[in-house]
Amino acid sequence: MAPHVPREHREQHGKDAPPGFIPPMAAEDVAAVEAILGYDFADKSLVELALTHGSFYYPYRPGDTYERLEYLGDGVLTCLMSREVFRTYRTLPPGPLTRLRAANVDTEKLARVAVLRGLHRFLRHKAPQLEGQIHVFIKEMCKYPVHSNGLLDPPKVLSDIVESLIGAIYFDSNFDQEEVWRVFRNLADPLISLETLGKHPVSELFEFCQKTRRGVKIMKDEWDKNLKVEVLIDGELVGSATYAQKKEIAQNRAAKAALDKLKETMGQTESELAPADVSEPFDELDIAGTLNTNAS
């Protein structure tokens, strides 16, 4: 990425607004973002940089974006959250510690932070479908107050701008980790705790079937043809889901549908189970390879 140019230099350069000139972020918007973060930047231009998506320059030559700050923020958040869960849960083994850390800094958690704090309103972009995707995520996340555990597919740009703003604070504060943690702890409140940490639907399905001595098979090899993932329990179709964007999301939703159906029909025989289906068609496809998951 080219060296970062302070905002005042770009304003001077763009006085005549030639073709391709990119307007600076309004001072009132910078102040509003600082108020949300609870942090006053020494270099105000870092706020603009942290919120500039690559599409914002279209159709002109690409310029500076938030990507380097995102990289920095991602690294410091992983470190600080590792420290937090290690200090909080003194006897917890590495496996649960890793899941707790991931749940608090993964794409969905940070995307929730972005929309709940209103940071998405300041994103500088020209991606034509992004606003619609953000609207869908905001609507869907209301169904899961804490975390969906893999059932939602938030726009990654939402988590990106949280990481980039954290990276901007880290750089602006001369790499002060305590200041970064103060800001993030307030933004992300409440953190996901051991008590509120949910189970991933695929893991929960396999655990449930192991306890009840049932065989599980997750069929994903047809996803690239019909966008559907199916769950078979002892050879019977119990749950399925259709999701065009990502095979992993379709798998998680199919597992959740099957698990809900199994719990609902605990008193019935396998042959009495009617398949549960969760479908959500999308125009854009993200075709992945094919896999089968088997357990007995």
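Since every read-out is calculated from the coordinates, none of them should be taken as a lab result. Computed from a prediction, not measured in an experiment: that's the story for all the values here. Cβ sites come from the backbone with ideal geometry, for glycine too, and all protein chains shown count toward neighbours.
Which of the chymotrypsin sites (Phe, Trp or Tyr not before Pro) across segment 15-115 are loop residues per DSSP, with 15 or fewer other Cβ within 10 Å?
PHE21, TYR60, TYR89
Could you work out how far the C-alpha centroid of segment 144-165 sits from that of segment 218-260, in angstrom?
After rounding, the separation between the Cα centres reads 22 Å.
Set the Förster radius R0 to 51 Å, insert the Cβ-Cβ distance between ASN174 and GLU236 as r into 1/(1 + (r/R0)^6), and round the FRET efficiency to 0.05.
So, using R0 = 51 Å, E works out to roughly 0.25.
Near HIS125, within a Cβ-to-Cβ distance under 11 Å, what is the net charge of the other residues, with Lys and Arg +1 and Asp and Glu -1?
Result for the local shell: 0.
Based on the Cβ-Cβ distance from CYS79 to ASN186, what FRET efficiency comes out when R0 is 25 Å, to the nearest 0.05? Don't jump to the answer; show the numbers that get you there.
Numbers: r = 18 Å, r/R0 = 0.73.
That gives a FRET efficiency of 0.85.
How big is segment 136-275 in terms of Cα radius of gyration and Dmax, in angstroms?
Final numbers for Rg and Dmax: 19.5, 64 Å.
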